[in-house]
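Input: a single structure, listed below in structure tokens.
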Amino acid sequence: MNRNRTYSRRLVFAVLLVLTVPTLLAGVAVGPVHIPISDTLSYLIGRGVSVDNFSSVSRLIISQIRLPRVLLGLLVGCALAISGGTMQGLFRNPLASPYVLGIASGASTGASLVILLNLRGALFLPLGAFIGGLLAAGIVYRLAQERSKKTSVYTLILAGVAVGALFSAVTSFTIFLYSGSEKITDVIFWTMGGLGRANWAYLHILTPIVALGSIILIAFSRDLNALSMGEEGAFHLGINPETSKRIMLGVATLLTSSAVAFAGTIGFVGLIIPHIMRLIIGPDHRFLLPTTAIFLVWADMAARTVASPAEMPVGIITAFLGAPFFLYLLKKKGARM
Amino acid sequence: MTKTAWKGVWVLLVALALVGLVAAAQQYPVTVIDDRGFEIRIEQQPIRIVVAGIPLYTEIVIDLEALDRLIAVAGSPDNPPEVVDLPRVGQSFSPNVEIILSMEPDLVLGPGDWGGERGKLELAGITVLTTPLISGIPDIFSTIRTVGMALGLKEGAEMLIGQIAEEIITIEASSLAEEPVRVTFLYASVPDTPPYAAGSGAIENELILRAGGENIFFDVQGFPQVSLEEIVSRDPEVIFTAPSQIENITSNTLLKTVSAVKNGRVYGINVAWITSTKVAEALKQMGEFLHPGE
């Protein structure tokens, strides 16, 4: 039985890995402007192959709009889902999400200040959101440090809720102060989250962060398995729970703050995708964490095309697609959860 | 005059006309300032214009008789009927960058930064021009002027401004002798909820003053939500709102004691005209409601 399960896990893993390629391809091929799939392919495979009849506009749309957007979706989806899975394991709480430490609220405060104070410059907005997110998480960590230098997960969760509320209040207050400003709409659009701002500069920054962070978290997934049984058990397995916990929390925070910095607070992905994968392949984080990445690319594809030419906030789609699927799995396999 | 002399005159005239044409064509490149204070350089006379912002831009293009150069507009319920058949590039608050690019425009008017649309268009090498937010009639004029310069229709723009200004002055003059009426301009899209009132800094405030009214919420900035209590205590004689929202104000039991409601002086103003080249018509409506029977 054991052997069989491992096999099926490997299979799911392989299928998802293989699916990533057509997903990315489809993400680039689909959009409100029709571009023949053959053109898309020839552009992606060999730059210069039969580009004569491939208009410069199509090339612009693919290279500057769709490709960055799809790749950002992959990175952000990966970052959110992996840190979400990690947080759920660490907190031993199915309701934990990457935003549990107040990162989303902190990032929103940072972003709205940048927008409302009219700080222009390509990277001010992601930087402001990033700093806001880290600040919120930092405060939460400080609060959860006990005198014995241990970090209590319960205090973390509760402090996260409170600090999140505090930062939301700061955001609302700033919005109130600036009521009547055209910038308010910018703030609201930002908080809804989305991949529309994607560009290559963003990708150059985000790619190494997400790659490194994901590798570290996946490397720690054995510790996470042990920790999700309880800290005492982990200790007896030869793991220093405090050190592992800190590293994982730190990396997950960094991943989440970076993702939010570039895509706003996209909901649902970090909460539900780890659960969906848990229902499909079981609770082993070694397999769970790497399989969570491509969902957001699908959701964004839907967001771009469903109401075309208008664009829907991707958060609506993530919930629309994800929630029923999650409920279906829950109903079918719920007992195992 | 001899035949040759006539010929000479003709040659001279044609030459002059040509010089005039060349001079007009040589206006370019034109540099205009956008809402960020950036210099936007327009290399050639734009002939493929896309409006990706509010309908004001579309109206200006139409009023400057450049409709034939407009190839697409953003969807909006307030779009003028002339553009009903033009392709759409998303909604005016969230234009679709991909579709705009596929139109191959040489000038995109009005996109905001809400979802980073303007940045992406600029990155793709498109000339983009967005003018400052409208918070008064002078802003409408400066938008007309800027767009006119960008389109190479500076004189048409000045004429349009002069025409609107004249209408406004005429309306304003007719109410000068009247006693100012205490007014508020409310947006009450949700029944039984405190409405949003035009404070100073809103174009509605300026229109109230020019129509011969006195804005009871002159002491607040922008468009804040005001409490019903405050409306009752400041007791406006006239309430302006959008036609579809009159019901929300007159049916609100808490506002029953307000003079404007009691005396049936809650009026609907065509709000699509306010931030538009038809602003004088909105002002006219308001003036007639404030001082009826003139």
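Throughout, read-outs are computed from the coordinates displayed, never taken from laboratory work. None of these values were measured; they are calculated from a predicted model. Note: ideal-geometry Cβ built from the backbone for every residue, glycine included; neighbour counts use all protein chains shown.
Structure above, values below:
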{"item": "Scaled radius of gyration (Cα, divided by 2.2 N^0.38 Å) that the stretch B:204-279 gives", "result": "1.10"}
{"item": "Dipole of the stretch A:238-313 [Lys/Arg +1, Asp/Glu -1 at C-beta], most positive-end residue of A:P274, A:W298, A:V251", "result": "A:V251"}
{"item": "B:V9/A:S63 FRET efficiency (R0 45 Å; Cβ-Cβ; nearest 0.05)", "result": "0.15"}
{"item": "Extension reserve of the B:R48-B:Q225 stretch, reckoned as 0.36 nm per residue once the Cα distance is removed", "result": "59.6 nm"}
{"item": "Shielding score for A:310-316, defined as the mean number of other chain Cβ atoms within 10 Å", "result": "3"}
{"item": "Sequence-distant lysines (8 or more away, or on other chains) whose Cα lies within less than 16 Å of A:K149", "result": "A:K245"}
{"item": "Range in chain A, longest, excluding exposed trypsin sites (Lys or Arg not before Pro) [loop by DSSP; at most 10 other beta-carbon atoms within 10 Å]", "result": "A:150-337"}
{"item": "Listed residue (B:L209, B:P195, B:S175) projecting farthest to the positive dipole end of the stretch B:149-225, Cβ model", "result": "B:P195"}
{"item": "Rg followed by Dmax, in Å, when chain A is reduced to its Cα trace", "result": "20.6, 69"}
{"item": "Segment B:D68-B:N270, length gained on full extension (0.36 nm per residue, minus Cα span)", "result": "70.0 nm"}
{"item": "Fraction of alpha-carbon pairs over 17 Å apart in the stretch B:156-240 - percent", "result": "53"}
{"item": "In order through the stretch B:262-269: 3J(HN,Hα) via Karplus (6.51 cos²θ - 1.76 cosθ + 1.60), integer Hz, x for Gly, Pro", "result": "4, 8, x, 10, 9, 10, x, 10"}
{"item": "Shape of the stretch B:129-178, Cα gyration tensor, a/c cut at 1.5", "result": "oblate"}
{"item": "Projected-area average for the protein assembly as shown over all orientations - Cα convex hull basis, square nanometres", "result": "39.5"}
{"item": "Alpha carbon convex hull of the stretch A:94-214, volume per residue in cubic angstrom", "result": "128"}
{"item": "On Cα atoms only, tilt of B:154-174 relative to the major axis of chain B in degrees", "result": "30"}
{"item": "Mean separation of Cα contacts under 8 Å, 6 or more apart, over the residue count of chain B: relative contact order %", "result": "14"}
{"item": "Separation of the B:Q27 and B:K262 label points, Cα + 7 Å toward Cβ, nm", "result": "5.6"}
{"item": "Helix-only [θ]222 nm of chain B, DSSP H runs n ≥ 4, -39500 (n - 2.57) each, per residue, nearest 500", "result": "-12000 deg cm²/dmol"}
{"item": "Estimated FRET transfer efficiency (B:E178, B:L86; beta-carbon r; R0 41 Å; 0.05)", "result": "0.45"}
{"item": "Inter-part distance where the stretch B:34-89 and the stretch A:117-132 are each reduced to a Cα centre, Å", "result": "30"}
{"item": "Inter-label distance, nm, simple model (7 Å from Cα along the C-beta direction), B:V232/A:L117", "result": "4.2"}
{"item": "Stretchable slack from A:V12 to A:S56, in nm (0.36 nm times residue separation minus alpha-carbon distance)", "result": "11.9 nm"}
{"item": "Rounded to whole Hz, the Karplus (6.51, -1.76, 1.60) HN-Hα couplings of the stretch A:88-101, x for glycine and proline", "result": "4, x, 5, 7, 6, 9, x, 8, 5, 9, x, 8, 5, 8"}
{"item": "Test item: Cα-centred dipole of chain B, Lys/Arg +1 and Asp/Glu -1 on Cβ, debye", "result": "700"}
